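Student: Below is the structure I would like to discuss, written out as C-alpha cells.
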Protein chains: 2
Amino acid sequence: MKEKKLTTENYKGTRDFFPADMKIRNYLFSVMKKVVRSYGYEEYDGPMIESLDLYRAKTGEEIVGKQIYNFIDKGGREVAIRPEMTPTVARMVASKLRDLPRPIRWFSIPNLWRYEQPGHGRLREHWQLNVDLFGVTHHYAELEILSLACDILFAFGASRDSFRVKVSHRALLDEFFKEGLALRSDQSHEVSKILDKKNKITNEEYISLVNKTIPENPGAVEKINQFLISKISDLSNIPGLKQETISTLTDLFKDLESIGLGDMVDFDPSVVRGFDYYTGFIFEIFDTSPANKRSLYGGGRYDNLIGLFSNDELSGTGFGLGDVTLLNFLQTHNLLPSLSNENTVFIPLLDSAHFLLCQSMATKLRNAGIAVDLSLTSQKMGKQLSYAEKKGYRWILLQGEEEIAKKTVSLKDMLNRTQEESSFENALEKISIELTK
Amino acid sequence: MKEKKLTTENYKGTRDFFPADMKIRNYLFSVMKKVVRSYGYEEYDGPMIESLDLYRAKTGEEIVGKQIYNFIDKGGREVAIRPEMTPTVARMVASKLRDLPRPIRWFSIPNLWRYEQPGHGRLREHWQLNVDLFGVTHHYAELEILSLACDILFAFGASRDSFRVKVSHRALLDEFFKEGLALRSDQSHEVSKILDKKNKITNEEYISLVNKTIPENPGAVEKINQFLISKISDLSNIPGLKQETISTLTDLFKDLESIGLGDMVDFDPSVVRGFDYYTGFIFEIFDTSPANKRSLYGGGRYDNLIGLFSNDELSGTGFGLGDVTLLNFLQTHNLLPSLSNENTVFIPLLDSAHFLLCQSMATKLRNAGIAVDLSLTSQKMGKQLSYAEKKGYRWILLQGEEEIAKKTVSLKDMLNRTQEESSFENALEKISIELTK
C-alpha cells in the first residue's frame, strides 16, 4: 500500500533556516549583540505566548483584529503569539520596577508573528532586535539611542552615505494640528495616519484624504505641506509649537553635531511612526540606495508605556530593527561576508581498521578547541575529498597506511592548496596558529 | 477615572528571562553550541508554527490530542506550535535530500511548547538542544552520538561519577516479546509502554498491568523481569533475539571501551524511551545524585523518519537535551558559574557640563571592544557608586574637575578594590589587558 506523503514545504510566510541561512542569522545577531552590549545593554526574553489583553490595549486595531495570531488555549484563556516585544518588555519592567537599578538598559531579539499576506519583503514571522532605555528623561537618552542605532549599521561595515536618520518629535504635529490648524484630537489622529502613509499613495489621493477628513479647513493641505518642509530654525515661526518641544529638538541636534553624528541626521517633521506608543522624539533610518529606498527601522520616546500595569511612571526610549530589513540593506550594499565552514578539520576514513586512531586524533583536536568532522564511513579518498570540498572545510588531516607506518600525518590546506607531512602534534599546532590569526 | 491595571504575570507555565536568567540561558546555549560544533554539527532552525499534520503522523496520541498548542489560522489552516523538533528536521532534510552532502550533522536549540499541567520541573515551554546525525548506518554513529552527549556534560564541568549512560536496543524488546513470549504486536506495544513508566508506578501496579495486558501468559512478569536484568553476555541465551541485534550491541560496547567511555555506559534492557520514532539503539542519561535521580536526556536511532515525506530512506541517530533538565543537573552538582557584568566599565556623570567628554571616552572604549555603561544623568558620586555596585560592574572610570585639569582619569577596580590615576590611554590599556586574561 502506497501511503500519501506530506509536503516538505514550510508553513506559508515563514522561513526554514538551513545551515547556510542560519550562519547568516547568527552573524546578524552576533554583530547586533556585540554593539548593544558595548553600550551596557543586557539581554532579556519573555515567552512567545502572552495574554491577548496585552495587545488589545496599546497595539493598533488592525494588528489585534486581523494580524495577530490569537487563539483560546486548552484551559479557555485568550492568548496570542507575540506580534511585537514592547508589551512584554513593559510587563516585565513593571513587575520588578522597584528592584531594577535605573537606568534600565535592555535588549532582546525575539521572534515575532503577524498574520499578513506574504509578499515582497513581508513575512509572517521575523526576528527583531528590540533596544530599550528606561528611566532617563534627559535628551542624552535620545543621543545614546541614535548613536547606538547608527553604530549597529557601522559595525556591519555600512558607509556614512549608505543611510540617513530622520528625526522629529511627536508633539510637533500634535501642537501644530491643535493650535496651528485648530483641529479636534480625532482629526489630528486621522491626519497623522494619512501623513504616515503619504509616501505610499499618490499626491491626489493624499490631498483628497486630507480634505475629506477636515472639510471645514480648505487651506489645510498647503499649510501642512509648508510645515512638513520646515527646518529646525523655522520652528519658532510656526504657530502653536511649544517652546519646550523646540528646545528639546534644538539641543538634541546641537549635541548630535558634537558627538560627530551631525552629518548622518536630518530634522524631518514628516516622520510620523505608525505606533501609538510614542510621546516624544521619533526617528526613522532610511537606506539611501535607490534599489532599497525604504525605512529600515525606527523608534522614539514613549513616556507612559508601563501605565497598563502600574500607576508609576517610567520614561522609555528605544527602537526595533528587523532581521529581514537588515538583511535586505546588507545585501543591497554588498556588506554580507562569506560565512563558510573554514574553521573545520575533516578526518577521512580510508579503512575501518583505522577508525579508533582517527577518533583519537579527533578527540585531541576537539580538546584543543578545534572543530572536527570525523568520517564515520570508510570510502575511497576521491569521494571523501569531494565531500570535504562541498562542505567548504579548510583542512583535511589524513593518516593512511603510509603515515601510520611512519607515525606521521598529512595535513592538506584546501585554502592555500598545500599539503605537508609532519607529526600529529605539529599539524595540531599549525591549525591552532592559523585559527587564532 | 482610575482604569483597571493588567497583571504583570507571565502566561502560566512559561518563564520571563530577566537579564540574570538570560545570562544563564546564554551560558547553557554557548557551552552546548561549542561542543556540538567541535564535532562538526551545523545549526539550523525552522518556524515555530508547522502544519498540524506533521505531528498527527508520528507523535504520540497523548501529545497531539491533549498537549499540543494547535489552532486554526485566519486562513483556515490547522496549525500547531511545535511540541518537538524532530518532525521539522525530518521535513527540512527530506526537502533537500539530494542536495545535502552526507552524512548530515545538524543541531538546533528550539523553543518547544506543550500544554501540560505546570508542576515540579514541568513547564509549558522549554528550549531543547536537538542533535541529529543522518546517513550513517554503521554503529560509529552511535559511538559519536554517545561521545558527544557525554562531552556536553563534561564541558559544563560534570565529573565522571555525576551521571551514567544506559543503553539498549529497540529490537531487543520487540524480538523478545515476539519470539520469546509469543506476544502479538499490539501487546508488545502495550507492554513496552508499561515498562517505560515502570519506575513511576508501584511494583504491584506494574504486575497487575502486565497481567491485564497479556492474561493468556501467566509467567510473563517473571520472564520479563529476568530479561530486564540481563547483561550483554547473557543476550545469546535469551530466546528470540536476532544475532544482528546482539552483534550491534556487543560491537558498540567494545568500541565504547576503546574510546574511553566504558566506565560511563551500562547496558540496560529496561530502557524503553517513550517515542515511537526509535528503531535501533536507544539511550538515556541519568543523574546519579540522589537529589535529582531522574533521566536527564536520551535519544537513539530512527531509521525511517523521513518516510512521512519521501520514499527515500535515511537513517538517523540523535538526542534531545532540555534546558530545564540541564539547569537542574548543573544546580544539583553546583556547576553553575557566577555570571556577572564584570566586563563592563561604568563612567559616572558628576556634572552635565562634562557629558561630551565622558561620551567621547565611552566611544573610544567601545571602539576598543570594551562595554561601557555611560551615565546619562548627573548625580552625586555616592549614588552612582551604589548603582555600579548593584549592577556588578568591574571598573569605574572617572573624570572629575580635578582629573580634567590634570588631563588624567581615575580608574577604580571594584574587584581588587584599587584606584589609580593615569592618562586615559593607560587606563584603556589596563582594562584591555585585564579583559584578555
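The values are calculated or read from the model by the stated rules, or taken from the named source; none is laboratory data. In this text the structure is predicted, and so the values were computed from the model without any measurement. Note: ideal-geometry Cβ built from the backbone for every residue, glycine included; neighbour counts use all protein chains shown. Side chains are part of the model used for accessible areas, which takes the heavy atoms of the whole protein and leaves out ligands, DNA and RNA. Shrake-Rupley method; radii C 1.70, N 1.55, O 1.52, S 1.80 Å.
Student: Please report the residue of chain A with the smallest beta-carbon distance to the A-to-B rotation axis, and give that distance in Å, no decimals.
Tutor: A:F71, 2
Student: Nm distances between the label at B:Q419 and the same-position labels in the remaining copies, 7 Å along Cα→Cβ, shortest first?
Tutor: 6.6
Student: Could you tell me the distance between the Cα centroids of region A:307-383 and region B:127-180, to the nearest Å?
Tutor: 23 Å
Student: Let me ask you something else. Out of the DSSP beta bridges found with both residues in chain A, what percent are antiparallel (nearest 5)?
Tutor: 80 percent
Student: Let me ask something else about it. Within a Cβ distance under 12 Å of A:L183, other residues only, what is the Lys/Arg minus Asp/Glu net charge?
Tutor: So the environment of A:L183 carries a net charge of -3.
Student: If the only charges are +1 at each Lys and Arg Cβ and -1 at each Asp and Glu Cβ, what is the size of the charge dipole of region A:218-363 around the Cα centre, to the nearest 20 debye?
Tutor: That gives a dipole near 280 debye.
Student: Mind putting a number on the dipole of region A:344-436 about its Cα centre? Charges go on the C-beta only, +1 for Lys and Arg and -1 for Asp and Glu, and I need it in Debye to the nearest 20.
Tutor: The dipole magnitude comes to about 280 debye.
Student: Please compute the average number of Cβ atoms from other chains found within 10 Å of each residue's Cβ in peptide B:69-75.
Tutor: 5
Student: Further question: Could you work out, residue by residue across B:11-23, how many beta carbons of other chains sit within 10 Å of that residue's beta carbon, and then give the average as an integer?
Tutor: Average neighbour count from other chains, rounded to a whole number: 6.
Student: Which percent, to the nearest 5, of DSSP beta bridges fully inside region A:344-436 are antiparallel?
Tutor: 60 percent
Student: At 7 Å along the Cα-to-beta-carbon direction for both B:E244 and A:D21, put a label point, then send me their distance in nm to one decimal.
Tutor: 3.7 nm
Student: Any idea which of A:V324, B:S188, B:H139 is furthest toward the positive side of the dipole for the protein assembly as shown, if Lys and Arg beta-carbons carry +1 and Asp and Glu beta-carbons -1?
Tutor: B:S188
Student: Hey, which lysines would be in cross-link range of B:K391, C-alpha to C-alpha under 26 Å, not counting anything within fewer than 8 residues on its own chain?
Tutor: A:K33, A:K34, A:K96, B:K23, B:K364, B:K380, B:K383, B:K412, B:K430, B:K437
Student: Along its three principal axes, how long is the protein assembly as shown when you only count alpha carbons? Whole Å, largest extent first please.
Tutor: Largest first, the protein assembly as shown extends 99, 61, 51 Å along its Cα principal axes.
Student: Further, regarding this structure: If you roll a 1.4 Å probe over the heavy atoms of the protein chains, what accessible area per residue do you get for region A:344-436, in Å²?
Tutor: It amounts to 49 Å² per residue over region A:344-436.
Student: Dipole of chain A (Lys/Arg Cβ +1, Asp/Glu Cβ -1, origin at the Cα centre): which of A:S315, A:L261, A:M381 lies farthest to the positive side?
Tutor: It is A:M381.
Student: Let me ask something else. For region B:68-113, with the dipole built from +1 on Lys and Arg beta-carbon atoms and -1 on Asp and Glu ones, taken about the Cα centre, which of B:G75, B:I104, B:M85 lies farthest toward the positive end?
Tutor: Among B:G75, B:I104, B:M85, the one farthest towards the positive end of the dipole of region B:68-113 is B:I104.
Student: Using the 2.2 N^0.38 Å rule of thumb for compact globular proteins, work out how region B:19-332 stacks up: its C-alpha Rg over that value, please.
Tutor: 1.01
Student: Okay, moving on. Is region B:344-436 rounded, prolate or oblate when judged by the Cα gyration tensor, a ≥ b ≥ c being the square roots of its eigenvalues, rounded requiring a/c under 1.5 and prolate requiring a/b larger than b/c?
Tutor: rounded
Student: May I pose another question? Run down the aspartates and glutamates and flag those whose C-alpha is under 16 Å from the C-alpha of B:K4, throwing out any fewer than 8 positions away in its chain.
Tutor: Within the straight-line limit of under 16 Å, B:K4 reaches these aspartates and glutamates: A:D53, A:D312, A:E313.
Student: A further question follows. Are there residues in region A:382-407 whose accessible area shrinks by at least 20 Å² when all protein chains are included rather than the chain by itself, and which are they (probe 1.4 Å, ligands and nucleic acids not counted)?
Tutor: In region A:382-407, residues shielded by partner chains: A:Y387, A:K390, A:K391.
Student: Under a Cβ-Cβ cut-off of 11 Å, what is the net charge of the residues other than A:L100 that fall near it, where Lys and Arg count +1 and Asp and Glu count -1?
Tutor: +4
Student: Once amide H atoms are placed 1.01 Å from N in the peptide plane, what residues at a sequence separation of 5 or more from A:R294, or on another chain, have their amide H within under 5 Å of its amide H?
Tutor: Under 5 Å from the amide H of A:R294: A:D287.
Student: Under a 1.4 angstrom probe, counting protein chains only, how are B:W395, A:W127 ranked by accessible area, largest first?
Tutor: From most exposed to least exposed: A:W127, B:W395.
Student: Here's another thing I want to ask about it. For a quick check of understanding: with a 1.4 angstrom probe and all protein chains in place, what accessible area in square angstrom does B:Y387 have, to the nearest ten?
Tutor: For B:Y387, the solvent-accessible surface is approximately 20 Å².
Student: If you average over every viewing direction, what projected area does the convex hull of the Cα atoms of region B:145-295 give, in nm²?
Tutor: 9.4 nm²
Student: Here's a follow-up. Give the peptides A:418-427, A:6-15, B:310-319 in descending order of average Cβ contacts within 10 Å, highest first.
Tutor: B:310-319, A:6-15, A:418-427
Student: Per-residue mean of other chain beta-carbon atoms within 10 angstrom of the beta-carbon, peptide A:371-378?
Tutor: Mean number of neighbouring Cβ atoms from other chains: 6.
Student: Follow-up question, since we're still on this one. Using the Cβ atoms and a cut-off under 12 Å, what net charge is assigned to the surroundings of A:I194, where Lys and Arg are +1 and Asp and Glu are -1?
Tutor: Net charge around A:I194: +2.
Student: A further question follows. When you count, for each residue, the other Cβ atoms within 10 Å and take the mean per peptide, how do B:186-198, A:229-241 rank with the highest first?
Tutor: B:186-198, A:229-241
Student: While we're looking at this one, here's another question. Under the definition of Cα pairs under 8 Å and six or more residues apart, what whole-number percent is the relative contact order of region B:19-332?
Tutor: 22 percent
Student: Based on the Cβ-Cβ distance of B:K212 and A:K74, what FRET efficiency does E = 1/(1 + (r/R0)^6) give at R0 = 30 Å, to the nearest 0.05?
Tutor: Once the sixth-power term is evaluated, E becomes 0.50.
Student: Relative contact order (percent) for region A:344-436, with alpha-carbon contacts under 8 angstrom and 6 or more residues of separation?
Tutor: 27 percent
Student: At A:T202, with labels set 7 Å past Cα in the Cβ direction, how many nm apart are the copies from this one, shortest first?
Tutor: 8.3
Student: Helix by helix through chain B, keep the DSSP H runs that span 24 Å or more along the axis on Cα and average at least -0.5 on Kyte-Doolittle, and give those back in order.
Tutor: Sorted by number, the helices that extend far enough and score high enough are B:19-38.
Student: Can you work out the FRET efficiency for the pair B:A182 and B:S258, with r the C-beta to C-beta distance and R0 = 35 Å, to the nearest 0.05?
Tutor: 0.35
Student: What is the magnitude of the charge dipole of chain A about its Cα centre, with +1 placed on the Cβ of each Lys and Arg, -1 on the Cβ of each Asp and Glu, and no other charges, expressed in debye to the nearest 20?
Tutor: Approximately 1200 debye in magnitude.
Student: Something else about it: By DSSP, what percent of the beta bridges with both residues in the protein assembly as shown are antiparallel, rounded to the nearest 5?
Tutor: If we restrict to bridges inside the protein assembly as shown, about 80 percent are antiparallel.
Student: Also: Using protein chains only and a probe of 1.4 angstrom, how many square angstrom of A:M32 are accessible, to the nearest 10?
Tutor: Here the accessible area works out near 0 Å².
Student: Further, regarding this structure: Give the nm distances, rounded to one decimal, from B:K5 to the matching residue in every other copy, measuring between label points 7 Å along Cα toward the beta carbon; shortest first.
Tutor: 5.8
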